[in-house]
Amino acid sequence: MARPQLLAGFHAVEARLREAPESIQAVYLDAARSDARMRELQARLEQAAVRCIAAPAQRLRGLAGDLPHQGVVALCRERRTRREFDEVLEEVGPSSLLLLLDGVTDPRNLGACLRTAAAAGVDAVIVPRDRSASLSAPAARAAAGAAESVDLVPVTNLARAMRELRDAGVRLIGAAGDADRTLYETELAGPLGWVLGAEGSGLRRLTRESCDAVAAIPLVGEVESLNISVATGICLFETVRRRLSNIADPG
């Protein structure tokens, strides 16, 4: 039997309650907390027929470990990826926006990238099945509920998946500090996938070679690199900015 997934904190639990209440097995609530937010959450859980258990602080700490829990810890069945990679390919359209992460092994970075991707309207986040963080409790906590609204799609071979995306019409842009062009000089129209690697190591050779182009984020200060979630936000929201500008000024 699979171990239950642990979610800690209001954002993560509320998002799961919205998206898949049937997957929640039980929610432990701080017995000493009775403020309006806690009462509202408990009422929503009871309305959805989710089992609520009052628990002392020591019990909550034991369940959540190092995760900040705000007095709320849920045990859930792990959700199946809502879409498989083949479905992502089939649904590629003129406005598709994808995020591919190569070698992001820190679950908190993965969660932060998922939150950024959800805010930018990304259709799916694609990661290699190996050499990548999974949607663990720390990742879900960092995503602050966004993990429930954007699909995380693992693939066996990232380079092969990239070739299939290109065949489907997706233009893949890798973020690389040593690229000759900046993202502000790079064409971002049409179905697009941003490809980013972990801070420090960056894109692996084969991943980089599988991109249509690479682009740099210009750094004018003394910092040599950016955290992966920050770089993700810059790349995705430059794409969003251009698309919104084209809608506002189609001529």
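The values are calculated or read from the model by the stated rules, or taken from the named source; none is laboratory data. Note that the structure is predicted; figures quoted are calculated from it, not measured. Glycine also receives a Cβ, built like all others from the backbone with ideal geometry; neighbour counts cover every protein chain displayed.
Any residue in region 67-87 that is acidic (D, E), within 19 Å of the chain's Cα centre (by Cα) and buried (at least 17 other Cβ atoms within 10 Å of the Cβ)?
no
Could you list, ordered by first residue, the pairs with Cβ atoms under 6 Å in which the first is in region 167-190 and assigned by TED's automatic domain parsing to the domain that holds E90 and at pLDDT 95 or above and the second is in a loop (DSSP other than H, G, I, E, B) and charged (D, E, K, R), at least 6 apart or interchain?
That search, which allows pairs on different chains as well, returns R171/D212; L172/D212.
What are the residues in region 199-222 that are assigned to a helix (DSSP H, G or I) and surrounded by fewer than 16 Cβ atoms within 10 Å (Cβ to Cβ), if any? First the steps, then the outcome.
Start the filter on region 199-222 by keeping residues that are assigned to a helix (DSSP H, G or I), which leaves 205-209.
Selection gives R205, L206, E209.
Identify, by number, the condition in (1) at pLDDT 95 or above; (2) surrounded by fewer than 21 Cβ atoms within 10 Å (Cβ to Cβ); (3) under 19 Å from the mean Cα position of the chain (by Cα) that M162 doesn't meet.
Every listed condition holds for M162 apart from (2).
Which one of the conditions (1) in a helix (DSSP H, G or I); (2) among the hydroxyl-bearing types (S, T, Y); (3) within 23 Å of R115 (Cα to Cα) does S225 fail to meet, given that it meets all the rest?
Of the numbered conditions (1) in a helix (DSSP H, G or I); (2) among the hydroxyl-bearing types (S, T, Y); (3) within 23 Å of R115 (Cα to Cα), the odd one out for S225 is (1).
Conditions tested, residue by residue: (1) in a helix (DSSP H, G or I); (2) of a type outside the set (S, T, N, Q); (3) modelled with pLDDT under 90.
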| site | (1), (2), (3) |
| --- | --- |
| R61 | yes, yes, yes |
| D66 | no, yes, yes |
| V88 | yes, yes, no |
| R108 | yes, yes, yes |
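Would you mind stating whether V153 is at pLDDT 95 or above, assigned by TED's automatic domain parsing to the domain that holds T232 and either in contact with a Cys (Cβ under 6 Å, 6 or more places away or on another chain) or hydrophobic (A, V, I, L, M, F, W, C) (or both)? Before you say what the answer is, go through the steps one by one.
Values: at pLDDT 95 or above: no; assigned by TED's automatic domain parsing to the domain that holds T232: yes; either in contact with a Cys (Cβ under 6 Å, 6 or more places away or on another chain) or hydrophobic (A, V, I, L, M, F, W, C) (or both): yes.
No: the conditions fail for V153.
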